[in-house]
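Engineer: First the structure, then my questions, so here it is.
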Amino acid sequence: MPLRSYVQGSWFTPTAEGAPVYDAVTGEQVATVSSDGADMAGVVAYGRGTGGPALRELNFHQRAAMLKALGGHLRDHRDELYALSVRTGATLGDSKFDVDGGFGVLLAYASKGKRELPADTVLVEGAVEQLGRGGQFVGQHILTPLRGVAVQVNAFNFPVWGPLEKFAPAFLAGVPSVVKPATATAFLTARLVELIVESGLLPEGALQFVCGGVGDLFDHLTDQDLLSFTGSASTAQRLRTHPTVVGRAVRFNAEADSLNCSILGPDAVAGTPEFDLYIKQLVNEMTVKAGQKCTAIRRALIPESLVGDVAEAAAAGLAKVTIGNPADESVRMGALASLDQREEVRRSLKSLLSVGTAVFGDPEHVDVVGADAERGAFISPVLIRADDPERAEPHEVEAFGPVSTLIGYRDAAQAVELAARGQGSLVGSVVSADTDFVRHVVLGVAPWHGRLLVLDRDDAPESTGHGSPLPALVHGGPGRAGGGEEMGGLRGIAHHMQRTAVQASPKVLGAITGRWVRGASRQDDGVHPFRKSLAELEIGDSLTAGPRLVTSEDVAHFAEFTGDTFYAHTDAEAAAANPFFDGIVAHGYLVVSLAAGLFVDPDPGPVLANYGIDDLRFLTPVYPGDELTVTLTCKAITPRGDAAHGEVRWDAEITKQDGSVAAQYDVLTMVANTWPLP
């Protein structure tokens, strides 16, 4: 049966039969793929006109809650996706990497949205910049969602994780997505989208699915749209130079396959924990997903004296890998995604073997369990020893399968030079316990890498591995790797938003950002702000308390009580010799404590807890005899969804009797939604 697309709010069956898709293990036809008859202009218009407005009506916390619910819903159906994933050639371990990894991205962004973003539709970036002498002309950067669609063109190797890791940050940013899967594994992505649509959890138009060719889709993109691609470097280059993408400055992001390297340190000789870690990592990266990972190790850079040891140990590890039908529990490596992919790997291997020797594996023969080695897209892992580390082929030709090349290096400088020959990579790793070597190599290769893993005996028990991108860290790389970035926590959200510098008065800037800005007016209605619940509190509510005289006895008692007897607080002569002070000064934390004593309302009330202080700065010394006044102003209010409380950020400013500012900081509190508590 032809796979359907989900466009303009309904399922669409193509008008043409399309290209056949085969089971990677058995060679049987699974479905056909075509988008023939789909209205691509309508797809884009529907996303902009229906999905975009619906998402922008929601704040970050509401979108985050939807992502969390969706992640939970899909997790309940993971066994079904595991079973279908077998037909892509994936083992259960491979499927968990893809399927659970995709759900993990949804849940990670849900958590970030709730904890790190405001309950608002605008994201404030950086501090307020004072642009005028009087403080009434200020500026700040804000981020707002683009008013288009995020089109994603995905690779065949991760049919679940690939779409979801792009969808999650786009959704949280408030931008609808159009998902285009790779043909070879489109049937798995199609079922994923069916589960999402059936859940009814997302606003209409937030997600559309185009199964088959893109047709004239790119022709309808504008400056408000985004195009993200995962796949080969050559295809990335072609999409990047599409006339519409160039002419309309469509925001483009590419994550391309790269010749990732793993560097073994000279200290990691046979018998050390680092040597064993290196071998285990190399074998895993060659065989997980049958080496079909854009983050897999393609070049193993090894000290010349250790190449033989690594070759022997890695070959022994690969010999233990059972290959065959993933439905068999003994199988550790399944098939490539398609017969076409196997032929592509074999062509690349011919080039690599022309300048090296296979120390393990035969590209034309493999023994398999529970399957036909020729009908299924099976291939043996192939480990190659390069004849000459300077030859171009290992640094330019990628066999996108279970293939890696061992390359010897003389010293750290040559290791860095060889790593850079890959012309830009998604990830690299350094396996060594020698911190001097690690520092030299990491700083040397960093300009050519999007991510670097340093693996040693200390972090190995917790490490997620060379080939595992994480939602909190950027996934992407320079040069051949595409020059883009995905995920990276809030960075991935910002990619789908427009950064705008807003210049205004503090009052107006505060109205735009939903935060009180120093220089704007405050309001004091006579009710202590700590007596107000979240429902009653307003931005700008303020309290001024004091003055409070600071005495020598206060300073001496604080020093004795806390044990902070730093000379500036206890020795008048030494303090006077300090270029920053004129004599004994009050402790900074004494000043903050005295301020708290001035503004805190002691009785039980809506303020439930103080959970921290941000951006504390001591600006002017406080001496015995000074009088302190504190002004506390409600700066930001952040509800916490279904919780009975929210977060309130207070601006605190402590001044002395002459008007000089002694300290500034933000006080963070938990405040009940209503009071008394229900």
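The values are calculated or read from the model by the stated rules, or taken from the named source; none is laboratory data. Everything quoted here is computed from the prediction, not taken from an experiment. Here Cβ is always computed from backbone atoms with ideal geometry, including for glycine, and neighbour counts include all displayed protein chains. What goes into the accessible areas is simple: the full protein's heavy atoms, side chains included, and nothing from ligands, DNA or RNA. Shrake-Rupley method; radii C 1.70, N 1.55, O 1.52, S 1.80 Å.
Engineer: Summing Lys, Arg as +1 and Asp, Glu as -1, what charge do residues with Cβ under 13 Å from the Cβ of residue 665 carry, residue 665 excluded?
Structural biologist: Counting the neighbours of residue 665, the net charge comes to -1.
Engineer: Where the accessible area of region 391-510 is counted over protein heavy atoms with a 1.4 Å probe, how much of it, in %, is carbon and sulfur?
Structural biologist: The computed percentage sits at 51.
Engineer: Here's another thing I want to ask about it. Compute the helix-to-body angle for 339-353: its Cα long axis versus the longest principal axis of the chain, expressed 0 to 90° and rounded to tens.
Structural biologist: Rounded to the nearest ten degrees, it is 90.
Engineer: Same structure again: Check which residues have an amide H placed less than 5 Å from residue 674's amide H, if you skip close sequence neighbours.
Structural biologist: Those lying under 5 Å, H to H, from residue 674 are 534.
Engineer: Can I ask one more? Towards the positive end of the charge dipole of region 238-324, with charges on Cβ (+1 Lys, Arg; -1 Asp, Glu), say which of 246, 275, 291 has the farthest Cα.
Structural biologist: 246
Engineer: Relative contact order, percent, of the chain when contacts are C-alpha pairs under 8 Å separated by at least 6 residues?
Structural biologist: 13 percent
Engineer: What is the distance, in nm, between label points placed 7 Å from the Cα along the Cα-to-Cβ direction at residue 17 and at residue 269?
Structural biologist: Spacing of the two 7 Å Cα→Cβ label points: 6.6 nm.
Engineer: Keeping the other protein chains in place, figure out the carbon and sulfur percent of the accessible area of region 243-367, with a 1.4 Å probe.
Structural biologist: C and S fraction of accessible area: 51 percent.
Engineer: Here is a further query. Can you list the lysines whose alpha carbon is less than 16 Å from that of residue 532, not counting same-chain residues fewer than 8 positions off?
Structural biologist: Hits, sequence-local ones excluded: 635.
Engineer: Sticking with this structure for a sec: Place +1 on the Cβ of every Lys and Arg and -1 on the Cβ of every Asp and Glu in the chain, take the dipole about the Cα centre, and give the residue among 591, 394, 307 whose Cα lies farthest towards its positive end.
Structural biologist: 394
Engineer: Using alpha carbons only, how many degrees (0 to 90, rounded to 10) separate the axis of helix 435-445 from the longest principal axis of the chain?
Structural biologist: Compared with the principal axis, the helix lies near 80 degrees.
Engineer: If we sort 393-401, 317-325, 492-500 on the protection proxy, mean other Cβ atoms within 10 Å, highest first, what's the order?
Structural biologist: 393-401, 492-500, 317-325
Engineer: Give me the 1.4 Å probe accessible area per residue for region 531-678, excluding ligands and nucleic acids, in Å².
Structural biologist: 50 Å²
Engineer: Sum up the charges of everything whose Cβ sits under 9 Å from the Cβ of residue 229, counting Lys and Arg as +1 and Asp and Glu as -1, but leave residue 229 out.
Structural biologist: The answer is 0.
Engineer: Find the accessible area per residue for region 1-71; the probe is 1.4 Å, ligands and nucleic acids are left out, and the unit is Å².
Structural biologist: Solvent-accessible surface per residue comes out at 42 Å².
Engineer: Just name one of 505, 444, 464: the one whose Cα is farthest towards the positive end of the charge dipole of region 427-513 (beta-carbon charges, Lys/Arg +1, Asp/Glu -1).
Structural biologist: Value computed over the given set: 505.
Engineer: Give me the dipole magnitude in Debye, nearest 20, for region 180-261 about the Cα centre, with unit charges on the beta carbon: positive for Lys and Arg, negative for Asp and Glu.
Structural biologist: Charge dipole of region 180-261: 260 debye, to the nearest 20.
Engineer: Give the aspartates and glutamates reachable from residue 656 as a straight Cα distance under 19 Å; neighbours fewer than 8 places away on the same chain don't count.
Structural biologist: Output for residue 656: 553, 554, 582, 626, 627, 666.
Engineer: Restricting the count to DSSP beta bridges whose residues both fall in the chain, what percent are antiparallel, rounded to a multiple of 5?
Structural biologist: The antiparallel proportion sits near 60 percent.
Engineer: Within 10 Å, count the other beta carbons around each residue, average over each peptide in 241-252, 15-26, 297-308, 610-621, and list them highest first.
Structural biologist: With the highest mean Cβ count within 10 Å placed first, the list reads 297-308, 15-26, 241-252, 610-621.
Engineer: Okay, moving on. I'd like the orientation of helix 552-562 relative to the chain: the angle between its Cα long axis and the longest Cα principal axis, in ° from 0 to 90, rounded to 10.
Structural biologist: 30 degrees
Engineer: Another one. Rounded to the nearest 5, what is the percent of antiparallel bridges among the DSSP beta bridges in region 290-446?
Structural biologist: For region 290-446, the DSSP antiparallel bridge percentage is about 30.
Engineer: Sticking with this one: Dipole magnitude of the chain about its Cα centre, charges +1 at Lys/Arg Cβ and -1 at Asp/Glu Cβ only, in debye to the nearest 20?
Structural biologist: Once rounded to the nearest 20, the dipole reads 1700 debye.
Engineer: Please give the contour-minus-distance gain from residue 661 to residue 614: 0.36 nm per residue of separation, less the Cα-Cα distance, rounded to one decimal in nm.
Structural biologist: Contour length minus the Cα-Cα distance gives 15.2 nm.
Engineer: I'd like the carbon and sulfur percentage of the solvent accessible area for region 531-627, probe radius 1.4 Å, heavy atoms only, ligands and nucleic acids excluded.
Structural biologist: Carbon-and-sulfur percentage of accessible area, whole number: 55.
Engineer: Next question, about the same structure. Enumerate the lysines that residue 180 could reach by cross-link, defined here as Cα to Cα under 30 Å, with residues fewer than 8 away along the same chain left out.
Structural biologist: In chain and number order, the partners are 68, 96, 112, 114, 166, 289, 293.
Engineer: What net charge is computed for the residues neighbouring residue 112, neighbours being all others with C-beta under 13 Å from the C-beta of residue 112, Lys and Arg scored +1, Asp and Glu -1?
Structural biologist: Value of the local net charge: +4.
Engineer: Would you mind getting me the FRET efficiency between residue 457 and residue 320? Use the beta-carbon distance for r and R0 = 25 Å, nearest 0.05.
Structural biologist: It comes to 0.65.
Engineer: Which value, in debye to the nearest 20, gives the size of the charge dipole of region 1-123 about its Cα centre, when Lys and Arg are +1 and Asp and Glu are -1 at the Cβ?
Structural biologist: It works out to roughly 620 debye.
Engineer: Counting alpha carbon pairs within less than 8 Å and at least 6 residues apart, what relative contact order, in whole percent, applies to region 242-355?
Structural biologist: Relative CO of region 242-355 lands at 23 percent.
Engineer: Using only helices, what value at 222 nm comes out for the chain when you add -39,500 (n - 2.57) per DSSP H run of length 4 or more and divide by the total residues, to the nearest 500 deg cm²/dmol?
Structural biologist: Calculated mean residue ellipticity at 222 nm is -9000 deg cm²/dmol.
Engineer: On average, how much accessible surface per residue is there in region 166-283, in Å², for a 1.4 Å probe, leaving out ligands, DNA and RNA?
Structural biologist: On a per-residue basis, region 166-283 sits at 29 Å².
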